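A.B. asks: For reference, the structure I am asking about is given below.
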Amino acid sequence: MGHDEEVLTLDAPDADFVRSFPATTHAIGPAAGLYGHSKRLVPWLREHAPLYDAVVVHGLWQFHSLAVHRALRGGPVPYFIYPHGMLDPWFKRQYPLKHLKKWLYWPWADYRVLRDAAAVLFTAGEEARLAAQSFWLYRAKPAVVGYGVALGDPSLLGRAEEFTAAWPQTQGKRIVLFMGRLHPKKGGDLLIEAFAQVADADPDLHLVMAGPDDRSGVLAGLEALATGLGVAHRITWTGMLSGSTKWSALKAAEVFALPSHQENFGIAVVEALAMGVPVLISDKVNIWREIVDGEAGFAADDTIAGTVDSLQRWLKLSDAQRSAMKLRAAGCYEQHFHMAAAARRLIDTITPHAGDRVRFTALK
């Protein structure tokens, strides 16, 4: 789109992933401790920031965002903040002690970082709405720029037959696909409970749980739950899928399900939409409004009852209705979640503050 982007990171310059990163990268780490403190960061920013039109900061709660505030506040180079869901009040409810710790430095650190940013960039309107609920002392200039996924030629991204050949028990089945970390936040237990309640509706229904065991024992607990509910033989556990195998799984799926308790965006949800796969999600996935408004899937409470309701609504659709929803899923992706559209909204947000040609650094 005619703009240059460089990355400033507190990773070590000799890290393999830094050396192989396909963009101009300034690695001035490593940072110290859990807070990621670096004595080099503020001086680097003060020296080099005039070379850029804007600075985009990814994430809160660590030193890098405070350093940008110290170096650039009140200066000619604007900075923008991507919270990436870190202001979601779910964390306040789930981890009250951590929230109390954040309160200790919120007034003099991240509150000011947000207050003085040219804009706070949100990936969804729901994220912007929820962000104001975490702390009563909150000031920000919100801008919903979205986020997205960029795809190559879909015909080159695997084939459904490749997935069913790798897992023969899925051949000829109506696949309900879960793809994500096996983490309590993702609601895998809700999906298994709900699947057990609707499984008798069609003997061809089959649940695929694709993802790594994020915490020791989570997978074993979910498998035990499936066994206790009598549906273990109708569930396939694939582990983490990547590359062509991941896309093959999406193409083989009839519907994608993620009843997560908190999801700032949901990359896997968008990847499903991009493949024309309707989605059944909870209303705690922050892009649920765009999906429901686009009639690209169903959203419900992050409960067993809510998940059952979404599955039943899908099963009650006629073949023609399901086919129409598949087309709308792809359309929803093109309208809201194509990376090119998100990039354009980001540029349109930055440009009034930074001039017509933007060369900005993304600080992570």
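A.B. asks: Looking at the range 124-196, which chymotrypsin sites (Phe, Trp or Tyr not before Pro) are in a loop (DSSP not H, G, I, E or B) and have at most 12 other Cβ atoms within 10 Å?
C.D. replies: Numbers: sites: Phe135, Trp136, Tyr138, Tyr147, Phe163, Phe178, Phe195; in loops: Phe135, Trp136, Tyr138, Tyr147.
Those that pass, being in a loop and sparsely packed, are Trp136.
A.B. asks: Note down the relative contact order for the range 93-222 as a percent, whole number, built from C-alpha pairs under 8 angstrom at least six residues apart.
C.D. replies: Dividing the mean separation by the residue count of the range 93-222 yields 19 percent.
A.B. asks: Share of Cα-Cα pairs in the range 191-322 beyond 26 Å, in percent?
C.D. replies: So the portion of pairs separated by more than 26 Å is 17 percent.
A.B. asks: If you don't mind, another one. Could you give the angle, 0 to 90 degrees to the nearest 10, between helix 63-72's Cα long axis and the longest principal axis of the Cα atoms of the chain?
C.D. replies: Between the helix axis and the principal axis of the chain, the angle is about 40 degrees.
A.B. asks: Whenever you get a sec, compute what percent of the accessible area on the chain sits on carbon and sulfur atoms (1.4 Å probe).
C.D. replies: In the chain, the share of accessible area belonging to carbon and sulfur is 54 percent.
A.B. asks: Still on this model: Using only the Cα atoms of the range 167-244, build the gyration tensor, take square roots of its eigenvalues as a ≥ b ≥ c, and label the shape rounded, prolate or oblate: rounded if a/c is under 1.5, else prolate if a/b is larger than b/c, else oblate.
C.D. replies: Oblate, because a/c is 1.5 or more while a/b does not exceed b/c.
A.B. asks: Still on this model: Taking the solvent-accessible surface of protein heavy atoms with a 1.4 Å probe, what is the per residue accessible area of the range 121-243 in Å²?
C.D. replies: Per residue, the range 121-243 has an accessible area of 46 Å².
A.B. asks: Between the helical axis of 188-198 and the dominant principal axis of the chain, each derived from Cα atoms, what acute angle in degrees is found, rounded to the nearest 10?
C.D. replies: Helix 188-198 and the main axis of the chain meet at about 30 degrees.
A.B. asks: Given that just one value was derived from the coordinates, which of (1) 26; (2) 36; (3) 18 is percent of Cα pairs over 37 Å apart?
C.D. replies: The value matching this structure is (1).
A.B. asks: State, as an integer percentage, the relative contact order of the chain based on alpha-carbon contacts under 8 Å between residues 6 or more apart.
C.D. replies: 20
A.B. asks: Multiply the residue separation of Trp136 and Leu156 by 0.36 nm, subtract the distance between their alpha-carbon atoms, and state the gained length in nm to one decimal. Write down the numbers at each step before the final one.
C.D. replies: Values: separation 20, 0.36 × 20 = 7.20 nm, distance 4.89 nm.
Here the answer is 2.3 nm.
The values are calculated or read from the model by the stated rules, or taken from the named source; none is laboratory data. Note that the structure is a prediction, hence the values are computed from the model and not measured. Neighbour counts are summed over all protein chains in view; Cβ atoms, including those assigned to glycine, are modelled from backbone coordinates with ideal geometry. Please note that ligands, DNA and RNA were not included when accessible areas were found on the heavy atoms of the full protein model with its side chains. Shrake-Rupley method; radii C 1.70, N 1.55, O 1.52, S 1.80 Å.
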